[in-house]
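This report concerns only the one structure given below.
Any read-out appearing in this document is the output of simple, stated calculations on the displayed coordinates, not a laboratory observation. It should be emphasised that the depicted structure is a prediction, and the values quoted were computed from it without experimental measurement. A quick note on method: Cβ atoms are made from the backbone with ideal geometry, for glycine too, and the neighbour counts reach across all protein chains shown.
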Amino acid sequence: MLPIRNQHNGSLTATGRILSLMLLGLFVGGNASAQSPQGVPDISRMSIEDLMSMEVTSVSKRTQRVADAAAAVFVITQEDIRRSGAASVPQALRMVPGLEVARIDENKWAIGSRGFNGRFDNKLLVLIDGRSVYTPLFSGVYWNIQDVMLEDVDRIEVIRGPGATLWGANAVDGVINIITKPAQATQSGIVTAEVGTEERTAESVRYGGKLGPSAYYRIYTKYFDWQPSIDATGKTAHDGWDAVRGGFRVDVQPSKPNSFTLQGDLYHSNYNETLTIPSLNPPYSSTFPNDGDYQGGNVLGRWNHSFSRSSTSLQVYFDNTNVVDNSLFTDHENVYDIDFQHDIHVGESQELVWGLGYRSIQDSNGSSSTVSLQPSHSKLNQFSSFLQDEISLFDRKLRVTFGSKFEHNDFTGFEWQPNVRFLGNISKDQSVWAAVSRAVRTPALTEEGLRLNEAVVPPGSVNPPNPTPFPVVAAIFGSRQFKSEDLVAYEVGYRVQATKSLSLDIAAFYNNYTNLRSAEPGQPFVEGSPVPTDIVQPFVASNKMSGGTYGIEPFAEWKVRPRWRLLGSYSYLQMDIGKNKNSLDPTADNPSGQSPRHQFYLGSLVDLPKHFEQDISLRYVDRLPSLNIPSYYSLDFHLGWRPGTHLELSLVGQDLLNSRHLEFIPEFINTTPTEVRRSVSGRIAWKF
Amino acid sequence: MKYSRFMIAVLLCLSLAVGANAQSSDSPDSSEYLIKAGFIYNFAQLVQWPSTAFLQADSPIVIGILGTDPFGGIIDRVIQNKKLEGRSLIVKRLKRGASVKDCNILFVSSSEAAHLDEVIQSTKGMPILTIGEMPGFATRGGIINLTLEGNRVRFEVNIEASKQANLNISSRLLALARIVPQSAEAKRSE
């Protein structure tokens, strides 16, 4: 359960605080480039954009910039989203170094941080305005239901590496924090409409207003309909989807030390896919068009209170998710969560943060002949607490943060996740940071009670051999013995403002994983009575993989001219993950080949005269050897025109270099991946 | 489930207890005015005055602070030894009713809220960038109003008022601003 550290409205807490908390150092260094030796930022060196990103901290003289932390942090701003032409959150995430973002089909994504990418990636924690959208079913994220009104996003903060001390179990390889603007900031109406060559249409409306002298609201609704793309043979695929959603947010600050937020969303989405499931009769598998839908809603309330030397935050939310896959599985989840957090400034140089949290999860599910989960109803309780202290030393030249999360869950009991982080200022323009942390990935419901029929080996088959007269079902089973996966991460980073216009940020890591999931063969058994129908060969979830990953992620920003910015990043990832000696897991399936070793991103953002904007980005993604996916380059283009304060027109081209390409092949559930096509779309936004 | 109810009860009690000790958060060491001083320094760079606004090519840019000064010495430190296109910057503190005609930038403190219309009237037709930090400052005829959004500083711009003052605000600044219209009332008083 997650403490409340990403809210941003409120008189004192803020996302920057995440950073301030977790990442220790926030600003000893503050902005390495704009900080005088006394630790007070040299405000005159900051641009107006920098100033707008700074937090006003009412309890301390210190101000902090999100990007200056003892962790690998990347912030996608509203401006970045707008100028990238991204139509969804996953598309916006493609610019982040160290992340792997691959589209499986129109409505499925594989998104990972620093390796282990997959549709069911379980090492990345995603939050929307403080609400965890991590499903306990497979410890991952349903990317196709996580959507927001993109115009209302303030920023998306991406932290690569463990954030478990503050965020809790499952923030193993990264945290993605989607933060929307407070209602005060959206006090106007906006209508958008979009059409494109992909036969995509999208419309959205938002309106904001005042409820009282210090009470603001906004409401929004959005709808999109994406027609199917194409499969590997060039034929129209069965992967369209549509979604309608709406929501509201109210922010009230009745008196200076108190602020309240209430927000909620409702959504409904239909999706199509092509599914292959094993069968006991010839030809022993069937491939067919399958449909399903997602619906749900959430409501969240938060109270922030500030004192002269400390601040508190209390957050409560309820989240309901219903997934109905017509041929596979149904799942209904209710999550109730409450978190309390208290930040205390001790003297001039210490900040202490502690928190308590409780989360209750109710899950009920329905099975098919392919997938089943035992028990069909479950209730889980998670308790957590954390404590972290941040100390400035040597005239704020060194900042040390240490602390731990203590968590209790129904699967593995007690877990602790400590970290220690250092941030040092070498000079006015340079800082270095280093961190050692432990994080765990706790088991998901499926890892305890799943049965998934993966394939059927026909009777008499030679390869793989089946000498019996019965079909053999290869099935993946969960296990009550499955334990948490463990990570100890070692990270270092360096930031420099090399010249007034050039900055560089490098992060490097070595991650040491133990108890990673493997699938160990179990004792075969016969099914069917009284007449046997098949033999089941179980592969049981176990913890017999381990190994290390390492990588380096440089990022540079160059303001060539006041109206021209260049961005560049490179991500290198090496994964040496293997089965332990005592593992009998026969699958060749190895996470090492599912994440690109090399990726780079180059972006150019130009402000042209007459209120035109022209932005180009080029991405390279290395091949995925174990999935047989070749490397690819992708060129995106955005031309925007804002002739007045009310109207914005944009033209977006995506994947312009290739007519089509494949990005990923999903694991576990055999849906047919489809190809990303070159596309052009136009968009109009009217503000009133 | 007993345990969880217990936890919730503990959390609620805790937060209430904490709430009962509430004090004002009007902490004097807020960073708010450090950031606002940075904004003002940036505005000075992103706004163009007509040449008539200055006596000579090297005349300083005069920042007037009208009413109770919320900056303390912060703004003086921020602009100290700075030059913008050959002009240095100086800060003048003005009492209510003092002449503002020598100012290029006039920061109107919230202490002047009750006299806002008089202040706006006193700058009429002069190339003075008026900056305030009170609700309605820009709609009532001020040019830039600094606001707090959550705990970040934002600003509103009244483009009509800037045109009347013969000031040219860069489009970069306008792109980041919330543009607000002049209220009908303020128009009538012209």
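Tabulated data
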read-out: Estimated FRET transfer efficiency when R0 is 45 angstrom, pair A:SER188-A:GLN481 (beta carbons, to 0.05); value: 0.20
read-out: Residue-averaged beta-carbon neighbours from other chains (10 angstrom radius) around A:304-316; value: 4
read-out: Simple spin-label estimate for A:ARG561 and A:GLU79 in nanometres, 7 Å along Cα-Cβ; value: 1.7 nm
read-out: Whole-Å semi-axes of the ellipsoid equivalent to the stretch A:337-443 (Cα gyration tensor, √5λ, descending); value: 40, 17, 10
read-out: Peptide A:633-640, shielding by other chains (average Cβ, 10 Å cutoff); value: 0
read-out: Set of lysines near A:LYS222 by C-alpha distance (under 29 Å), chain-local residues within fewer than 8 positions excluded; value: A:LYS108, A:LYS181, A:LYS210, A:LYS687
read-out: Mean residue ellipticity (222 nm) of the protein assembly as shown, computed from DSSP H runs ≥ 4 via -39,500 (n - 2.57), nearest 500; value: -3000 deg cm²/dmol
read-out: 20 Å-binned pair-distance histogram of the protein assembly as shown (Cα, whole percent); value: 14, 47, 30, 8, 1, 0
read-out: Within the stretch A:326-378, GluC sites (Glu not before Pro) in DSSP loop having at most 14 other beta-carbon neighbours inside 10 Å; value: A:GLU348
read-out: Integer Hz, Karplus 6.51/-1.76/1.60 couplings in order for the stretch A:603-609, x for Gly and Pro; value: x, 10, 10, 10, 8, 8, x
read-out: Mean projected area (nm²) of the alpha-carbon convex hull when the stretch B:27-86 is viewed from all directions; value: 4.8 nm²
read-out: Per-peptide average of other Cβ atoms within 10 Å, ordering A:206-216, A:425-435, A:629-639, A:87-97 highest first; value: A:87-97, A:425-435, A:629-639, A:206-216
read-out: Using θ = phi - 60° and Karplus 6.51 cos²θ - 1.76 cosθ + 1.60, couplings along the stretch A:130-147 (whole Hz; Gly, Pro as x); value: x, 9, 6, 10, 8, 8, x, 5, 10, 6, x, 10, 7, 5, 6, 10, 8, 9
read-out: Debye log10 I(q)/I(0) at q = 0.13, 0.14, 0.16 Å⁻¹ for the stretch B:31-188, Cα point scatterers; value: -0.54, -0.64, -0.86
read-out: Average beta carbon contacts from partner chains per residue of B:33-42, 10 Å cutoff; value: 6
read-out: Using θ = phi - 60° and Karplus 6.51 cos²θ - 1.76 cosθ + 1.60, couplings along the stretch B:163-172 (whole Hz; Gly, Pro as x); value: 5, 4, 7, 6, 9, 10, 9, 5, 5, 4
